[in-house]
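Only one structure is covered here, and it is reproduced in the block below.
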Amino acid sequence: MDFVKAYHLSQFIDTFALGHYARVLEAQDLQTGQTVAFKVLRPEHVDYGDEPRWEYRAFANEVELLATLADVPQAVDLLDCGYISAGEEAPQGGEIISFRLDTLGFEQAMREMAAQGWRPYITMPALPRNQNLFYVMRSNQAAVRWRLPSEEGLSLALQFGHLLEQAHRRGIVYLDHKLEHVYWDGNRLIVIDFNSSRKLNGGVADPQSFRMDIHNLCVGILYSVFT
């Protein structure tokens, strides 16, 4: 399918929190009409070898984890996953293969798509930048951080705790606790960027990993919210 018949891309929306392996653009899904965040592998990580690079495989990891957490309201929704042939950082044409929510099909196609130089993408709901906790906590005064009202901070902490509880029950650790990955509208928490998260193997070290995940939440998010 022609890419331009599937998505219409607009501007980059990741400029305040650039990632190592992917870029994120605002886009319109022309099949559904929904405005989405279109996350695509950076061109420099394309590798025509037999084994995809870790940056490439991170997409399969994130897709699998989002599918596993699909019933947890604090985890961002996965809307689509697939591959594009275009080589530009902001794709303008070429072909697209969409798997939608067929995460197994997406993963099984990865090696073949990588060998052909196609890049993986995923889409999620486009969230308002002014609800990103990095922006919510900013102050107009230098060296001063704005605090959430205490009741909002407690609600955010409880919702994040629920997300980690559900993730840990399924053997998943989030790991990447940053303000930039948290969206808060005053009532509901949504967490993005599960590419650094991982599924544990059920080993004896798992409880330590779960404790570290909770520690990272306290240091990376809650300390900023409550101090």
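Each value in this text was obtained by applying a stated rule to the coordinates, not by laboratory testing. These numbers were taken from a predicted model, which means no experiment stands behind them. In this analysis, Cβ positions are derived from the backbone assuming ideal geometry, glycine residues included, and neighbour counts consider all displayed protein chains.
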At 37 °C and 0.692 mPa s, grab the translational diffusion coefficient of the range 129-226 from Stokes-Einstein with a Kirkwood Rh over Cα pairs, rounded to a whole number in µm² per second. 233 µm²/s
Output ³J(HN,Hα) for the range 12-21: one whole-Hz value per residue in order, computed from phi by the Karplus curve 6.51 cos²θ - 1.76 cosθ + 1.60 with θ = phi - 60°, and x for Gly and Pro. 5, 10, 10, 5, 8, 8, 5, x, 6, 10
Using θ = phi - 60° and the Karplus relation 6.51 cos²θ - 1.76 cosθ + 1.60, list the HN-Hα couplings for the range 193-202 in order, rounded to whole Hz, with x at every Gly or Pro. 6, 9, 5, 8, 6, 8, 8, 7, 9, x
Name the residue farthest towards the positive end of the dipole of the range 1-148 from the options N130, C81, V46, assuming +1 on Cβ of Lys and Arg, -1 on Cβ of Asp and Glu, about the Cα centre. N130
Which three lengths, in whole Å and largest first, does the range 41-103 cover when its Cα atoms are put on their principal axes? 35, 25, 18
For helix 54-68, report the angle its Cα long axis makes with the longest principal axis of the Cα atoms of the chain; keep it between 0 and 90° and round to the nearest 10°. 60 degrees
Taking the Cα atoms of the range 170-227 alone, what are Rg (to one decimal) and Dmax (as a whole number) in Å? 12.5, 38
According to a simple spin-label model (label point 7 Å from Cα along Cα-to-Cβ), what is the distance in nm between E112 and N130? 4.7 nm
Which percent of the Cα-Cα distances in the range 3-125 go past 23 Å? 24 percent
Convex hull of Cα atoms in the chain, direction-averaged projection (nm²): 13.1 nm²
Enumerate the residues in the range 1-42 having an amide nitrogen under 19 Å from the point lying 7 Å beyond the Cα of R138 toward its Cβ. 11-19, 24-26
Computed magnitude of the charge dipole of the chain (debye, nearest 20; Cβ of K, R +1, Cβ of D, E -1): 640 debye
Please list 3J(HN,Hα) in residue order for the range 162-177, calculated via the Karplus relation 6.51 cos²θ - 1.76 cosθ + 1.60 where θ = phi - 60°; whole Hz, with x for glycine and proline. 5, 4, 5, 4, 5, 5, 5, 4, 9, x, 10, 10, 7, 6, 9, 7
Using Cα pairs under 8 angstrom and six or more residues apart, how large is the relative contact order of the chain, in percent? 20 percent
